[in-house]
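Before any comments, here is the structure.
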Amino acid sequence: MSRRILLLGARRECVDLVPLLKAAGWEPICVERDALDENAGFGGCLIGIAVIGDSGLFEDSNLDEALARTGIDWIAVTTSAAIRNPRVARALANLFLDFHTLPLDVHRLEYALGHAHGKAMLRRQVESLAESGKGQFGMVGTGQPMRALYRILEKVVRVDAPVLISGESGTGKELVAQAVHRQSRRGHRAFVPVNCGAIPASLMQVHLFGHEKGSFTGAHHRVIGSLEAADGGTILLDEIGDLPLESQASLLRFLQESTIVRIGSSTPIRIDARVVAATHMDLAEAVRAGRFREDLYYRLNVLHVVVPALRDRPEDIEALAGHVFDTYRGYRAPAVRGFSREAIETMRAYAWPGNVRELVNRVQKAMIMCEGALISAEDLGLNSARGQCESIPLSRARQHAERDVIMAALDRNTYNMAATARELGVSRVTLYRLAQRLAIRPRERRTGANGGKSW
């Protein structure tokens, strides 16, 4: 059975290759440069030949990205004169598995094509195995902590009771909440996320319950609140620990009576919405400290789901990194093919204070900045991570890493707490709390006569 191969180049340059490839058992599919932008699958081709003659193929500044987007392994056929062009030489070094100069050594080309096709088939097989082990509920991971999470979710999605999802920042609590919604009977209705830490206390009531026209200055029309918008579906109250006490009382009433009253109205409205709350803090401790209502805590904590930290699931690191690599395929430098074994082992040894969010950030940067075929530990910024983990206690290494990440973000945002919180994906309240715990103090202003602190 003939194997398909993509043949890229001007027709006059490809015409002599077609009978040669057919005689060797290949089925060539000839395309010109514009076809790459359509990226239509190319008939299931796993490899391709790019003919680099005098057609100016590499004068196109976007060709590198177009070749990388195809997901095909490329071999070049070119001339000795073309190789002297610096742009062509860089492309041959970075984009192609192999190159051959005219006049062709037919046997060498046949061997190179067979080798490339075999490698591509093997990679497909590996990707297929990885895909089968990606997990459940749209999440990645098959290690023991994730299997335990899946077993809990299988029970949670069958009922309509409130859910409290806890876990460190960056572990994927919203992804878990979306899975709970998507797999439940409410999956075809609205999913409304609300970040309780990002909304000022003075606006929280309006945001949750809505208001009537004329209920206060500036209320020029009726506004539907988030709870009403989630009617029939699910509302996610993210960072529930940052919810103001006044709003906690109102939320408790909703959980007890399944009704809301818009601000400026006296008419109760019955709402059928499942409440899923998420937090990175210890709510039981917040109850003891008087920051969170005990009655609301028990109303929310009917079903409790704990999302494991990334450091507790090292067996999933390779699959997660591969998932990020595939998801953000457009980010990668043209020559990048995957991760070195050293990078995988270093990622498994690292403490991941920022959890999955940090892994995504590091892999994205490495995909862009990597200059070789395989991403190294140094590309990930983790070249010394293993040494740190072995030489000091894990808790202290994690604390140092958290402090370094926050300090770097503060510097990038000139110590603007709101901008820094947005970059890190946490609320300002959470950022202030982390700064206090990690002894990060306001930066003293150096300019001007009045002095002062920058936050």
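Read-outs: derived from the displayed coordinates by stated rules, not from any lab. Keep in mind the model is a prediction, meaning the values are calculated, not measured. Glycine also receives a Cβ, built like all others from the backbone with ideal geometry; neighbour counts cover every protein chain displayed.
Select from region 247-348 those chymotrypsin sites (Phe, Trp or Tyr not before Pro) which occupy a DSSP coil region and have at most 16 other Cβ atoms within 10 Å, ordered by residue number.
Passing both the DSSP loop test and the Cβ count: 328.
Separation between the residue 221 and residue 329 pseudo-spin-labels, each 7 Å from Cα along Cα→Cβ, expressed in nm?
Computed distance between label sites residue 221 and residue 329 equals 4.2 nm.
Starting at the first residue of region 81-92, write each ³J(HN,Hα) from the Karplus equation 6.51 cos²θ - 1.76 cosθ + 1.60 with θ = phi - 60°, in whole Hz, x for Gly and Pro.
With coefficients 6.51, -1.76 and 1.60, one gets 5, 5, 5, 6, 6, x, 5, 5, 4, 5, 5, 4 Hz.
From the helices alone, meaning DSSP H stretches of at least four residues, give me the mean residue ellipticity at 222 nm for the chain, per-run term -39500 (n - 2.57), in deg cm²/dmol to the nearest 500. Provide the component values of the computation, followed by the final result.
Numbers: 21 runs with 206 residues, N = 455.
Rounded to the nearest 500, the figure is -13000 deg cm²/dmol.
Determine the distance separating the Cα centre of region 169-241 from the Cα centre of region 93-111; give it in Å without decimals.
59
How many percent of Cα pairs in the chain exceed 32 Å?
Cα-Cα pairs in the chain separated by more than 32 Å: 55 percent.
Add +1 for every Lys or Arg and -1 for every Asp or Glu among the other residues with Cβ under 13 Å from the Cβ of residue 328, and state the total.
On the way: positive: 69, 329, 332, 362, 365; negative: 326.
Net local charge, residue 328 excluded: +4.
Out of residues 5 or more away from residue 78 or on other chains, whose amide H comes under 5 Å of its own, with H placed 1.01 Å from N in the peptide plane?
Placed amide hydrogens put 52, 100, 101, 102 under 5 Å from residue 78.
Would you be so kind as to identify which of 10, 115, 63 lies farthest towards the positive end of the dipole of region 3-132, taking Lys and Arg as +1 and Asp and Glu as -1 on Cβ and the Cα centre as origin?
So the residue we want is 115.
Provide, for the chain, the number of lysine pairs with alpha carbons under 30 Å apart, each pair being eight or more places apart or on different chains.
8
Please turn the phi angles of region 248-265 into ³J(HN,Hα) values with the Karplus equation 6.51 cos²θ - 1.76 cosθ + 1.60 (θ = phi - 60°), one per residue in order, whole Hz, x for glycine and proline.
4, 5, 5, 5, 4, 4, 4, 5, 7, 10, 6, 9, 10, 10, 5, 4, x, 10
With just the Cα atoms of region 3-132, tell me how far they stretch along each of the three principal axes, in Å, largest first.
Sorted largest first, the three principal extents are 46, 33, 23 Å.
For the pair residue 417/residue 79, report the inter-label distance in nm, with labels modelled 7 Å from Cα in the Cβ direction.
Output for this residue pair reads 6.7 nm.
Could you tell me which residue out of 250, 210, 172 lies farthest along the dipole of the chain toward its positive end? Charges go on the beta carbon: Lys and Arg +1, Asp and Glu -1, centred on the Cα centre.
Going by the Cα projections, it comes out as 250.
If you put +1 on each Lys and Arg Cβ and -1 on each Asp and Glu Cβ, how big is the dipole of the chain around its Cα centre, in Debye rounded to 20?
Here the chain has a charge dipole of around 1160 debye.
Which percent, to the nearest 5, of DSSP beta bridges fully inside the chain are antiparallel?
Bridges in the chain that DSSP calls antiparallel: roughly 10 percent.
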